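Here the structure comes first, spelled out in structure tokens, and everything after it is commentary.
The values are calculated or read from the model by the stated rules, or taken from the named source; none is laboratory data. Keep in mind that what you see is a predicted model, and the values were worked out from it rather than measured. Note that each Cβ is placed from the backbone with ideal geometry, even for glycine, and that neighbours are counted across all protein chains shown. What goes into the accessible areas is simple: the full protein's heavy atoms, side chains included, and nothing from ligands, DNA or RNA. Shrake-Rupley method; radii C 1.70, N 1.55, O 1.52, S 1.80 Å.
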Amino acid sequence: ASFLLLCFRTSLVASLVFGLLLQSSLTQLSIITQPNIVLLMADDLGIGDVGCYGNDTIRTPNIDRLAKEGVKLTQHIAAAPLCTPSRAAFLTGRYPLRSGMDAINNYRVIFWNGGSGGLPPNETTFAKILQQQGYSTGLIGKWHQGVNCESRNDHCHHPLNHGFHYFYGMPFTLISDCQPTETPEMDRAFRRKLWLSTEMIGLVTLTAVLGRLIGLISVRWKTLACLAGFSLLFFISWFSSYGFVRYWNCIMMRNHKITEQPMVTDRTMSLILRESISFIERNKHKPFLLFLSFLHSHTPLLTTKKFLGRSSHGLYGDNVEEMDWMVGQVLDAIDKEGLENTTLVYFASDHGGWLERQEGKRQLGGWNGIYRGGKAMGGWEGGIRVPGIFRWPGVLPKGTVINEPTSLMDIYPTVVRLAGGLLPQDRVIDGQDLMPLLRGTVEHSEHEFLFHYCGIHLHAVRWHQKDSGAIWKAHYVTPVFHPPGAGACYDKGFCPCFGEGVTHHDPPLLFDLSRDPSEAKPLSADTEPLFDIVIKKIGRAIEEHRRTLTPVPEQLSLYNVLWKPWLQPCCGTFPFCWCDKESDD
């Protein structure tokens, strides 16, 4: 009897152990607490530029593959319509005005590597939390969140001060000034005014000198010398910065060291891909975070010869297709190392495509599909609705499409919780953990309201009325398009956030995006029975939201965006800043 009892107990224990092992093997993918995380972010890519979002002429098979093997979000929203504030929100999970990273003026992004503004050191990025959780963290590509605060080498805004162990890329952003053969892009209109002012001051000075020489005017030579000195000082004051944009802004860095000043654009894309794959290979035996921040598809659209002329959309299409190929190379590297099932891959763009970016008849900006507006427009969908794709084999269901409102800010709590970290409790986090929605364990997004800013100006608000499925959007401010009806601000190059270039709406323009995603037909009290109720509901949400805002230093103030020689990163002895360490290596 005791023998039988022993056998029974042994069998019972074995069954329990087997059951636990079986259950563990079936669910191990779903309980991985520290997956590798690869975040792929395009620059200025329109939602209409990608095959899986409806484009049938630009070929993006690798991005489409991500969507086929994972989850595609159709209402993925950037927190801002421009690079600097959108990326600040992405990194911190907070609306950019909470960190002072949205503009009070027309300078709405970081303008110089030698400026003093940037992502404040007291902000906690997801990279910093993952670093504390034992992750190897790397940023390859574009940063555009500032470099220094008070001295040339304090690196207070630098990626290594915000949770990244490794950085290779541009501390600034790619601009046409980086390509000597392209028309300068940075502050183009202001530069024209400076040249005109310089010419006028010089003409006045020259006329006065000639008049004095021929006796037409009696002015003391000392006065003329002062006038000439003023002319020279005025010219130096602005040409020392704007005259050398390529040297001051178009640089490449590895960690704190400058590797190219100015950057050699012919090899930039190859180096970024090489660095990304190398980071994966070096860190394959431990959890890692790779943030690959593409320079594609921002002007001047750096594209290798292999892809030139391949698309039917000119240089822009070639550039997008090259970026898609780079996505494929990164996915292949993940698969080659056997990391596919333990790696969460995410793809998005920082904001919508730039409609106004043209040179002659060449369209150099992206397409936003059926959505109205584009880059720099804080309210219209085309400026803020972006691709959003997640892939994690065995954890996220394949081929899933989610139409719920989500935000780039949601990446923050999602990856922090996957890494086993805790969200900061001393500040407001606006993002929501997406894993329940992505895995299908909940039906609706956690977002009830999303607030759409243009600089510090609230332009629109979205209300997800979950019980009815309606997605109401109220526009309080919209840009004035030029020419009228053109759909963009072609006269300015960017749509403004305030002033004469915008229209204020009272009552606001109201749309139901579930019925009118193109925002073509505004509703009114006459055409929509719920109009007054919706506007009041959104108005109360704005009041509650504003009560959560606290004053912070403005990182994009005029002083902070000005170029400061003592803050300019330099690989030589300032102002003789030139090096090419990649060629030396």
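For the chain, with all protein chains present and a 1.4 Å probe, just round the carbon and sulfur fraction of the accessible area to a whole percent.
Of the solvent-accessible surface of the chain, carbon and sulfur hold 59 percent.
Going by the alpha-carbon gyration tensor, a ≥ b ≥ c the square roots of its eigenvalues, is segment 353-504 rounded (a/c under 1.5) or, if a/c is not under 1.5, prolate (a/b greater than b/c) versus oblate?
In terms of gyration-tensor shape, prolate.
Report Rg/Rh for segment 188-243, rounded to two decimals, where Rg is the Cα radius of gyration and Rh the Kirkwood radius.
My calculation of the ratio gives 1.08.
Calculate the dipole size of segment 400-477 relative to its Cα centre from +1 charges on Lys and Arg beta carbons and -1 charges on Asp and Glu beta carbons; express the result in debye to the nearest 20.
In debye, rounded to 20, segment 400-477 gives about 140.
Quick one: putting +1 on the C-beta of Lys and Arg, -1 on the C-beta of Asp and Glu, what dipole do you get for the chain around its Cα centre, in Debye to the nearest 20?
On the way: 55 positive and 56 negative charges, 175 e Å.
Rounded to the nearest 20 debye, it is 840 debye.
Can you find, among Gly202, His298, Ile140, the residue sitting farthest towards the positive end of the charge dipole of the chain, where Lys and Arg contribute +1 and Asp and Glu -1 at Cβ?
Toward the positive end, the furthest listed residue is Gly202.
How large is the charge dipole for segment 188-243, taken about the Cα centre, if only the Cβ atoms of Lys, Arg (+1) and Asp, Glu (-1) carry charge, to the nearest 20 debye?
Approximately 120 debye in magnitude.
Calculate I(q)/I(0) for the chain by the Debye formula, one identical point scatterer on each C-alpha and no solvent, and give its log10 at q = 0.06, 0.09 Å⁻¹ to two decimals.
-0.34, -0.71
So who's got an amide H within less than 5 Å of the one on Gly70, skipping anything under 5 residues away but keeping other chains? H placed 1.01 Å off N, in plane.
Here Gly399, Thr400 satisfy the definition.
Stretch Leu549-Lys492 to full length: gain in nm at 0.36 nm per residue minus the Cα-Cα span?
That works out to 17.4 nm of additional length.
Taking the alpha-carbon distance from Lys398 and a cut-off under 20 Å, which lysines remain once sequence neighbours fewer than 8 residues away in the same chain are dropped?
Lys68, Lys72
Quote to one decimal, in nm, the extra length available between Thr207 and Asp56 on full extension: 0.36 nm per residue of separation minus the C-alpha distance between them. Walk me through the intermediate numbers first.
On the way: separation 151, 0.36 × 151 = 54.36 nm, distance 6.15 nm.
Computed gain between Thr207 and Asp56 is 48.2 nm.
From the residues Thr503, Ala89, Pro575, which one has its Cα farthest along the dipole of the chain in the positive direction, the dipole being from +1 and -1 charges on Cβ of Lys/Arg and Asp/Glu about the Cα centre?
Farthest towards the positive pole: Pro575.
How much accessible area per residue does segment 484-584 have, counting only protein heavy atoms and a probe of 1.4 Å, in square angstrom?
Dividing the accessible area of segment 484-584 by its residue count gives 60 Å².
Under the classification rounded if a/c is under 1.5, otherwise prolate if a/b is larger than b/c and oblate if not, where does segment 443-576 fall, given a ≥ b ≥ c as square roots of the Cα gyration tensor eigenvalues?
Since a/c reaches 1.5 and a/b is larger than b/c, the shape of segment 443-576 is classed as prolate.
Which is the longest stretch in the chain that no exposed loop site breaks, taking sites as GluC sites (Glu not before Pro) with a DSSP loop state and at most 15 other Cβ atoms within 10 Å?
Numbers: sites that count: Glu150, Glu443, Glu448.
Of all site-free stretches, the longest is 151-442.
In nm, what is the difference between 0.36 nm times the number of residues separating Thr74 and Arg267 and their Cα-Cα distance?
On the way: separation 193, 0.36 × 193 = 69.48 nm, distance 3.44 nm.
Length gained between Thr74 and Arg267: 66.0 nm.
How many nm separate the modelled label positions at Leu232 and Asp584, each set 7 Å beyond the Cα in the direction of the Cβ?
Spacing of the two 7 Å Cα→Cβ label points: 3.5 nm.
Rounded to the nearest Å, what's the spacing between the alpha carbon centres of segment 406-482 and segment 223-258? Just the number, please.
42
Output the pairs from Lys361/Lys473; Lys306/Lys564; Lys193/Lys473; Lys466/Lys492; Lys306/Lys581; Lys284/Lys305 with a Cα-Cα distance over 29 Å in this structure; if there are none, say none. All intermediate terms of the calculation are to be shown ahead of the outcome.
Values: Lys361/Lys473 34 Å; Lys306/Lys564 39 Å; Lys193/Lys473 39 Å; Lys466/Lys492 39 Å; Lys306/Lys581 25 Å; Lys284/Lys305 32 Å.
Distance filter (> 29 Å) returns Lys361/Lys473; Lys306/Lys564; Lys193/Lys473; Lys466/Lys492; Lys284/Lys305.
Would you mind pulling out the separation of the Cα centroids of segment 516-555 and segment 110-160, in Å?
After rounding, the separation between the Cα centres reads 33 Å.
Would you please state which residues of segment 569-585 a label at Leu160 would reach in this model, taking the label point 7 Å out along Cα→Cβ and a backbone N cut-off of under 16 Å?
Label zone hits: 569-572.
Can you tell me the accessible area per residue over segment 191-295, all protein chains present, probe 1.4 angstrom, in square angstrom? Don't jump to the answer; show the numbers that get you there.
Values: 5630 Å² over 105 residues.
With all protein chains present, segment 191-295 gives 54 Å² per residue.
Under a crude label model (7 Å from the Cα following the beta-carbon direction), how far is Ala470 from Arg310 in nanometres?
4.7
Taking a cut-off of 16 Å between Cα atoms, list the lysines near Lys142, but don't count ones fewer than 8 places away on the same chain.
Candidates past the 8-residue exclusion: Lys257.
Please give the net charge around Phe307, taking every other residue with its beta carbon less than 12 angstrom from that of Phe307, where Lys and Arg add +1 and Asp and Glu add -1. Intermediate values should be presented prior to the final figure.
Working: positive: Arg59, Lys305, Lys306, Arg310; negative: Asp318, Glu321, Glu322, Asp324.
The answer is 0.
Starting from the Cα of Lys536, draw a straight line to each of the aspartates and glutamates and keep only those under 18 Å, dropping any in the same chain fewer than 8 residues away.
Glu448, Asp467, Asp506, Asp512, Asp526, Glu528, Glu544
What does the highest-first list of 210-222, 33-45 look like by mean Cβ count within 10 Å?
33-45, 210-222
Using the alpha-carbon atoms, what tilt in degrees (0 to 90, nearest 10) does helix 83-92 show relative to the longest principal axis of the chain?
That helix lies at roughly 30 degrees to the long axis.
When the helix-only estimate is applied to the chain (DSSP H runs of n ≥ 4, each -39,500 (n - 2.57), divided by the residue count), what is the mean residue ellipticity at 222 nm, nearest 500 deg cm²/dmol?
Calculated at 222 nm, the ellipticity per residue is -10000 deg cm²/dmol.
Answer with one residue from Val330, Gly317, Tyr371: the one whose Cα lies farthest towards the positive end of the charge dipole of segment 264-384, charges on Cβ with Lys, Arg +1 and Asp, Glu -1.
Gly317
Mind giving me the nanometre distance, one decimal, between the label points for Thr181 and Arg515, set 7 Å out from Cα along Cα→Cβ?
Distance between the two pseudo-spin positions: 5.3 nm.
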